[in-house]
Structures are given as C-alpha cells and as structure tokens.
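Chemist: Below is one structure. I have some questions about it.
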C-alpha cells in the first residue's frame, strides 16, 4: 500500500481525539490485475538483473500475463481505495 495503510490510520488515535471504528479496503478490480502483476514481475526482474532489467523486462514481461491467466494467483488483492471511519471522542 501507499502512505496510508491500516497501521498509519490506527496511529492517528495517538495524535487526535478520535477513535478508529472501521477500515474498508476495496478489493483490486479484475481489470487492474495485469498492471499489478506486471509491476510486481518487473520489480523482481530489476532486483535480479539490475541495469539489464529494462531490456529483459521487455522480453519477459509478457510472462506476467501468462502467469496471471494460468496460475492460481490471489483473487482478493487489497486495492488502492481505503476508507476509514473515525468517531470523535
């Protein structure tokens, strides 16, 4: 996740007179899966191959689509929308 996750939202209770009641995390929509797994795959390639990662990723990047379609990758990935409900104390 980005800057605001469950932990950071919970920690707001320490600084403000509020109580965290509920956090809603929207699941990642299916049309975002290819982009998500492509980014994860590219990051793995970058860590392994360093400066050669960019040309290698262009060649191997299509594998991420194959993996997404033909393997049992998680279907309920936390999405990019977070809603937190706070109560003022």
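The values are calculated or read from the model by the stated rules, or taken from the named source; none is laboratory data. If you're wondering where the values come from, they're calculated on a predicted model, not measured in any experiment. With ideal geometry, Cβ positions are generated from the backbone for all residues, glycine too; neighbour counts draw on all protein chains shown.
Chemist: Identify the single condition in (1) part of a strand (DSSP E or B); (2) touching a strand residue (DSSP E or B) at 6+ places or on another chain (Cβ under 7 Å); (3) at pLDDT below 90 that residue 20 does not satisfy, given that it satisfies every other one.
Modeler: Tallying (1) part of a strand (DSSP E or B); (2) touching a strand residue (DSSP E or B) at 6+ places or on another chain (Cβ under 7 Å); (3) at pLDDT below 90, residue 20 fails exactly one: (3).
Chemist: Considering only residues that are surrounded by 11 or more Cβ atoms within 10 Å (Cβ to Cβ) and not in a helix (DSSP H, G or I), look in segment 50-73 and name the one that is modelled with the lowest pLDDT.
Modeler: Step by step, filter segment 50-73, then rank; the result is 73.
Chemist: Looking only at segment 23-34, count how many residues are farther than 30 Å from residue 87 by Cα and surrounded by 11 or more Cβ atoms within 10 Å (Cβ to Cβ).
Modeler: Number of matching residues: 3.
Chemist: Here is a further query. Which residue pairs have Cβ atoms closer than 7 Å, lie 6 or more positions apart in sequence or on different chains, and pair a first residue in segment 63-89 that is under 27 Å from residue 19 (Cα atoms) with a second residue that is loosely packed, with under 11 Cβ neighbours inside 10 Å and at pLDDT 65 or above?
Modeler: Taking only residues 6 or more apart or on different chains, the pairs are 83/24; 85/21; 85/22; 86/21; 87/21; 88/17; 89/17.
Chemist: If the requirement is being exposed (fewer than 13 other Cβ atoms within 10 Å of the Cβ), closer than 18 Å to residue 77 by Cβ and at pLDDT 80 or above, which of these qualifies: 6, 43?
Modeler: Step by step, each of 6, 43 is checked, and only 43 is exposed (fewer than 13 other Cβ atoms within 10 Å of the Cβ), closer than 18 Å to residue 77 by Cβ and at pLDDT 80 or above.
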